[in-house]
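First the structure, in the form of structure tokens, and then the observations on it.
The values are calculated or read from the model by the stated rules, or taken from the named source; none is laboratory data. Keep in mind that what you see is a predicted model, and the values were worked out from it rather than measured. No Cβ is skipped: glycine too gets one built from the backbone with ideal geometry, and neighbour counts run over all protein chains shown.
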Amino acid sequence: MIDPIPEHFTSIEDASDFWDEHDTGDYETFLRPLNETIELMTHKTMTNKQLFANQFIAIIDRDGYTFMHEVRCEGQIVALLPYRNLAGNQREYLARLEICPAHTPDLELCSITGGKEPNKSVAETAVQELWEEAGYQATIEELIALGKVRPSKASDTTAHLFAVDVTGKEQSTPEGDGSRFEVGSSVQWLDYEQAVQVEDSLLVTTITRLLQEIN
């Protein structure tokens with residue numbers, strides 16, 4: 001069953017969030033051709049110059065400001081936080097233990113992330129990453145959407161944050177994405193004190209928003 005389209009969106013960001021998490025293909029019966037001219041006004045016209053590009057990233061100069069654009073996912077990623085409830089009103093959070101060559105050649109704790117897949121919504125991508133990197137299965141309906149953040153001024157990447165309660169769920173061995181950087185990777189349960197000390201802003205932000213949502 002698909003979610004109904006809201007009669008009104010409170011803002012452009014609200015509409016953007018809805019369509020980030022839903023596929024227009026599910027709403028074809030509600031769509032109609034628009035035979036009108038729409039003018040989009042901006043405060044300033046910016047000029048982009050591509051300085052470098054490969055299959056993963058592009059380096060863009062925008063009016064003298066240089067930043068990175070993630071090509072394969074068009075600047076859209078998901079960050080996913082599985083958690084489980086324990087006795088005594090305690091809770092644990094699942095982090096990924098893997099190598100990030102940009103930081104260190106050693107294994108380090110980080111959030112479970114992935115680039116938005118073509119022809120998938122961000123929610124569908126989150127469900128896929130949950131299975132590949134954490135070994136848990138869940139439905140889109142089980143995801144807790146926690147909004148989005150822009151992790152760095154050095155890139156135009158937008159991260160869509162999700163959490164999911166995996167209490168009582170059976171865990172399989174995470175498959176990973178098959179890249180050589182994920183060899184030896186695993187996942188690790190952390191309590192709150194351990195989790196907020198992890199040097200990963202997406203993990204800490206997702207925990208903070210989750211606690212605001214469920215407490």
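Quick notes on this one:
- GLN212 being modelled with pLDDT of 95 or more, of a type outside the set (A, V, I, L, M) and exposed (fewer than 12 other Cβ atoms within 10 Å of the Cβ): yes
- Every listed requirement among (1) surrounded by 14 or more Cβ atoms within 10 Å (Cβ to Cβ); (2) within 16 Å of the chain's Cα centre (by Cα); (3) of a type in the set (S, T, N, Q) is met by SER152 save one, (1).
- Test: residue in the stretch 125-138 that is polar (S, T, N, Q) and under 14 Å from the mean Cα position of the chain (by Cα): yes
- Candidate set: the stretch 64-86, residues that are free of Cβ contacts under 8 Å to residues at least 60 places away in the same chain and in a strand (DSSP E or B); chosen: the one farthest from ALA53 (Cα to Cα): LEU86
- Within the stretch 183-205, residues that are touching a residue at least 40 places away in the same chain (Cβ under 8 Å) have Cβ atoms under 7 Å from residues that are assigned to a loop (DSSP other than H, G, I, E, B) in these pairs: SER185/GLY176; VAL187/PRO174; ASP200/SER111; SER201/PRO151; LEU202/SER111; LEU202/PRO151; LEU203/SER111, counting only partners at least 6 apart in sequence or on another chain.
- For the residues VAL196, VAL166, VAL149, the requirement of being farther than 23 Å from ALA123 by Cβ and either at pLDDT below 95 or among the β-branched types (Val, Ile, Thr) (or both) singles out VAL196.
- Scope the stretch 163-215; condition under 19 Å from LEU109 (Cα atoms) and small (Gly, Ala, Ser); matching residues: ALA163, GLY176, GLY178, SER179, GLY184, SER185, SER186, ALA195, SER201
- Residue within the stretch 106-117 that is over 23 Å from THR157 (Cα atoms) and in contact (Cβ under 8 Å) with a residue 40 or more places away in the chain present: yes
- Residue match in the stretch 164-172 (condition: surrounded by 17 or more Cβ atoms within 10 Å (Cβ to Cβ), within 18 Å of the chain's Cα centre (by Cα) and farther than 27 Å from ALA87 by Cβ): no
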